[in-house]
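In what follows, a single structure is set out as C-alpha cells and then discussed.
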Amino acid sequence: MEIFNDLLKFTVIDIIDVILVALLLYYVYKLVKGTVAINIFIGIVIIYFIYLLTNALQMKMLSKILGGFMSVGLIALIVVFQQEIRKFLLMVGSTNFSKRKKFFKQFKFLKTESENSTDVNAIIAACNKMATTKTGALIVFECNNNLDFLANTGDEMRIKVTQPIIESIFFKNSPLHDGAIIIANNIVKATRVILPINNEKTLPQRFGLRHRAAVGITEKTDSLALVVSEETGQISFFKDGEFIMFKDIQELSQLIKKELI
C-alpha cells in the first residue's frame, strides 16, 4: 500500500529526473564503450544495484560494507576514469556553442544522416592513393571538442575538402606536408599542426611519430585520426587513443561516417 502511495506521488519533476539520469548513464557508457574501462563501469553499476537491494531489504551489515566501498571508491573512480572524465568536461565546457549542440546529438534518437557534411569518401580515396606511393599523411577529424587550440600551432586555413586538395597538401615537396591537418565540417581548418605525442612504450614498434601523434590527440580529445605510413603505405585509423581494425576501405569509410554523425 505504501509503494502504491509513493507511485501516486510521482511527479513530472521525478520523470525528468529519471530521464536525465538515464541520459547521463547512456553517455557515460558511450564514453567507455570499446575500452577496458567498460568492464569496470559495468562492475560498479552491478555493485551499486546490489547496494540498493541490500539497503531495501535492510541487510544492515552488507549494506554498510557496500556503502563504505561506494564512498571510498569515489577517489579510485576519478583515477580509473580520468581520460573519460577529461573528455566529458572538454565536451561540456566547450566555448563553441555549435559544438555544445552536437553534444546532445550524440544520442541515437537525435541523429540524422544529413548531419555528416564531411566528404569522407574523398578523404579515404586520397589516403588510398597516397598509400600506393607511400606518401605519409596525418588527418584529424574534429568532432565535439573544439581543436582551435591546436590549429593555432600550424597554418590556419579555410579550404573545402576534395581529393586533390588532400593529396596536394601531403605531396612530399609541398611546404604544408609536415605535421597534421584538421578537418571540420568538410573544411580543412589548419595544416602543419603540431599534435601531442603519446610516449607509451606499450605501443607497437611499427608505430612512428605520426601514429603516436594520432594516439595522443584521440586519447586527449574525442577526435578521430587517419594515418598513412610513409614506410609501409598502410592506412591506420585511431579513436579514443586506440588503433581500430577494419577489413577494407569501404568498412573504414563507414566507421568514420558513423562517428561523424
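Laboratory data are not the source of any read-out in this text; all were calculated from the coordinates shown. Being a predicted model, the structure only gives us computed values, none of them experimental. So basically every Cβ, Gly included, is an ideal-geometry build from the backbone, and we count neighbours across all protein chains shown.
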Item checked: Computed E for Val45/Ile194 - FRET, C-beta separation, R0 41 angstrom, nearest 0.05 -> 0.55
Notebook entry, point to check: Which value, in debye to the nearest 20, gives the size of the charge dipole of the stretch 200-259 about its Cα centre, when Lys and Arg are +1 and Asp and Glu are -1 at the Cβ?
Noted result: 40
Next item on the list: Can you tell me how much longer the chain between Met245 and Asp155 gets when fully stretched, taken as 0.36 nm per residue apart minus their C-alpha distance, in nm with one decimal?
Entry: 29.3 nm
Margin query: If I model a spin label at Ile165 and Asp17 as a point 7 Å from the Cα along the Cα→Cβ vector, what separation in nanometres do I get?
Written below: 5.0
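Please find the FRET efficiency linking Leu62 to Tyr27, where r is the Cβ-Cβ separation and R0 is fixed at 41 Å, and quote it to the nearest 0.05.
My answer for the efficiency is 0.85.
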